[in-house]
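First up is the structure itself, then whatever we jot down about it.
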Amino acid sequence: MRKIIKSIIKHKYFLLILIVGLFLRVYKYDELFLYGHDQDLAGWFVRDVVFNRHVRLIGQETSTAGIYIGPLYYYLLIPFYFLTGFDPIGGVILITLLGLFSIWSVYHVLSRVYEKNIGLIASLLYATSYYMVFNDREVVPTMPVITWTVWFFYTLYLVLQGYKKQGYLLLGVLIALIWHLNFALILLLPLVFLAEFLSKKKPDFDAMFRGLIVLGISSLPLIVFELRHNFQQVRAFITALTTDQAAVVTGWAKFQRVYSLASVNLRGFLYGNTFNLPQILLPILFLLISGLLTFYKKIDKRHNLIFLGWLTIYQVFFSTYSKIVSEYYLNGMMIVWLVILSVGLYQLMKIKKIRLLGFVIIGVFVFLNVNRLFTHTINRSGYIERKQIVKIVNEDARSNNYPCVAISYITGPGYDLGYRYFLWLEKIKIKKPSSLAPVYTIVYPLRDDIAVDETAGAIGLIYPDYSSYNTEGIGKSCEGDNVNVSEPMWGMPI
């Protein structure tokens, strides 16, 4: 008990940061739960494994045809779905715990690489940043990407310092996790060779071999799947790299777009749209700060070289890759900005004459970002509203003794997705609208020219024209399969 109390006292400031981070990640946890196809598919995976006894080796298909994300995230969801009676809110519990692990990872790694105060500053920035908070609230398998980069940075540090046995064992686990998170993380692996070179020590082939063993064991699901499917994902990966992926812009314009997206992410991490400042200069400013810190030996010059290589890899690859680039592809760069800012602020706070300025910057950062969260506009078409609409359908169908119903949608492409798991939870038998089953129409967004009978936030529901249906016709239409469970889920292989 004394050891626990001493540990609490020793880490009291971090524990306070962790509590703040927890609050920001569970604040309006249900209202801010953006529920859509990805979350629907996750529930479908859990349902398939638990109720259909279907052991799956892969998760959903990524935006690159033929490549699937690993199943680890989906299996981690299962116990939390059990806890919530298979309500998808269980995913929020898992993601919240992962978010807390992310805050701890930042604190632990940067305290080890630099010192405890830098770890505290970095964990505070991470815990309160609007960008990081909402990244940690996304109930998707790619959510831990930034956390992965934190530990990858630690791996590079271990190799640089000569702790290669620990470094390569950790690297084996991290490489295996790439398939379960985001294939773009593969881009960072050449930095291991750079760290090995900068360490100026002989390669430890025994440590590398042990790392390969860990990698092989950790990658067994991927290896088994590829062997059973003729290396489908390997071939798809090669095809994606060697064929045109229909990017809208190329050349210099593509380079500018990637740089602009990186700037947007950095601005989002710092202050979002709070100030109308030229975001295009932010990466350059941070590189100048990193160079200055290196000049004054506050950052190891080897770390600075790794930072430059880290950012260059992302910029060059996505500038030349023929796929349309989104902001989240560049989340792997965020750890670099976080480290530079944290070390810079700490060095600023060590200068007695301007120490107060460092505290002011941190205070303004926390205030602006937390205020953005509290003033965030809630999307009224997420978890609560979709669940409510499906519940209304079920209640009305039962009150009219309908053995099955059909669902149609008045919405844009893709917005008709994200209802199937809720329909399954409510045990509603679904037929196609072309049948004689009563048709309930979901409308999103609400429109002045379309009258709806019920609303849930920004989602509307139109009841069937009851007079158009009779018991005999409905009975015939309801015979046969429940198409909600018999038809495949888009993005999820059978």
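Leu285 satisfies every condition listed in (1) in contact with a helix residue (DSSP H, G or I) (Cβ under 7 Å, 6 or more places away or on another chain); (2) part of a helix (DSSP H, G or I); (3) farther than 17 Å from Ile335 by Cβ; (4) not aromatic (Phe, Trp, Tyr) except (1).
Being over 23 Å from Ser129 (Cβ atoms), surrounded by 13 or more Cβ atoms within 10 Å (Cβ to Cβ) and in contact with a strand residue (DSSP E or B) (Cβ under 7 Å, 6 or more places away or on another chain) is the requirement here; does Tyr81 meet it? Considered against the rule, which asks whether it is over 23 Å from Ser129 (Cβ atoms), surrounded by 13 or more Cβ atoms within 10 Å (Cβ to Cβ) and in contact with a strand residue (DSSP E or B) (Cβ under 7 Å, 6 or more places away or on another chain), Tyr81 comes out as no.
Taking helices (runs of 4 or more DSSP H) as the structural unit, those lying wholly within the stretch 1-105 and holding at least 2 residues that are under 27 Å from Phe237 (Cβ atoms) and at pLDDT 95 or above correspond to 37-50, 72-83. Checked against (1) of a type outside the set (A, V, I, L, M); (2) in contact (Cβ under 8 Å) with a residue 24 or more places away in the chain; (3) over 16 Å from Arg398 (Cα atoms); (4) exposed (fewer than 13 other Cβ atoms within 10 Å of the Cβ), Tyr466 passes all but a single condition, namely (3). Applying the criterion of being within 24 Å of the chain's Cα centre (by Cα) and modelled with pLDDT of 80 or more to the residues of the stretch 226-253, the residue that is surrounded by the fewest Cβ atoms within 10 Å (Cβ to Cβ) is Val234. When the stretch 457-486 is examined, which residues are found to be among the small types (Gly, Ala, Ser) and part of a helix (DSSP H, G or I)? If the condition is that a residue be among the small types (Gly, Ala, Ser) and part of a helix (DSSP H, G or I), then Ser467, Ser468, Gly473, Gly475, Ser477, Ser486 are the ones that fit.
To keep it simple, each residue is scored yes or no on (1) of a type in the set (Asp, Glu); (2) touching a Phe, Trp or Tyr at 6+ places or on another chain (Cβ under 9 Å); (3) farther than 19 Å from Asp453 by Cβ; (4) part of a helix (DSSP H, G or I).
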{"site": "Val360", "(1), (2), (3), (4)": "no, no, yes, yes"}
{"site": "Gly363", "(1), (2), (3), (4)": "no, no, yes, yes"}
{"site": "Leu368", "(1), (2), (3), (4)": "no, yes, yes, yes"}
{"site": "Val390", "(1), (2), (3), (4)": "no, yes, no, yes"}
{"site": "Asp396", "(1), (2), (3), (4)": "yes, yes, no, yes"}
{"site": "Tyr402", "(1), (2), (3), (4)": "no, yes, no, no"}
{"site": "Ala406", "(1), (2), (3), (4)": "no, yes, no, no"}
{"site": "Gly414", "(1), (2), (3), (4)": "no, no, yes, no"}
{"site": "Leu417", "(1), (2), (3), (4)": "no, yes, yes, no"}
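Could you tell me which of the residues Gly272, Gly291 is surrounded by fewer than 19 Cβ atoms within 10 Å (Cβ to Cβ), more than 27 Å from the chain's Cα centre (by Cα), among the small types (Gly, Ala, Ser) and farther than 19 Å from Ile121 by Cβ? Even if it seems obvious, please write down each step before you answer.
Details: Gly272 fails: more than 27 Å from the chain's Cα centre (by Cα).
Answer to the check: Gly291.
Among residues of the stretch 84-106 being small (Gly, Ala, Ser) and within 13 Å of Ala42 (Cα to Cα), the one that is surrounded by the most Cβ atoms within 10 Å (Cβ to Cβ) is Gly91. Exactly one residue out of Thr149, Thr155 is buried (at least 22 other Cβ atoms within 10 Å of the Cβ), assigned to a helix (DSSP H, G or I), in contact with a Leu (Cβ under 9 Å, 6 or more places away or on another chain) and without any contact (Cβ under 8 Å) to a residue 60 or more places away in the chain, and it is Thr155. Looking across the stretch 46-62, the residues that are under 29 Å from Ala240 (Cα atoms) and in contact (Cβ under 8 Å) with a residue 60 or more places away in the chain come down to Leu57, Ile58, Gly59, Gln60, Glu61, Thr62.
When you look at Ile186, is it assigned by TED's automatic domain parsing to the domain that holds Thr149, closer than 21 Å to Asn331 by Cβ and surrounded by fewer than 20 Cβ atoms within 10 Å (Cβ to Cβ), yes or no?
Answer is yes for this residue.
In the stretch 459-475 there is at least one residue matching the filter, namely being over 27 Å from Phe45 (Cβ atoms), within 32 Å of the chain's Cα centre (by Cα) and at pLDDT 95 or above.
Of all residues in the stretch 40-67, those satisfying the criterion of being buried (at least 16 other Cβ atoms within 10 Å of the Cβ) and among the hydroxyl-bearing types (Ser, Thr, Tyr) are Thr62, Thr64. Out of Gly480, Gly475, Gly460, Gly491, one residue alone is not assigned by TED's automatic domain parsing to the domain that holds Lys427 and not aromatic (Phe, Trp, Tyr). It is Gly491.
The values are calculated or read from the model by the stated rules, or taken from the named source; none is laboratory data. What you see is a predicted model, and the numbers here were worked out from it, not measured in a lab. For neighbour counting, all protein chains shown are included, and Cβ atoms are generated from backbone atoms with ideal geometry for every residue, glycine included.
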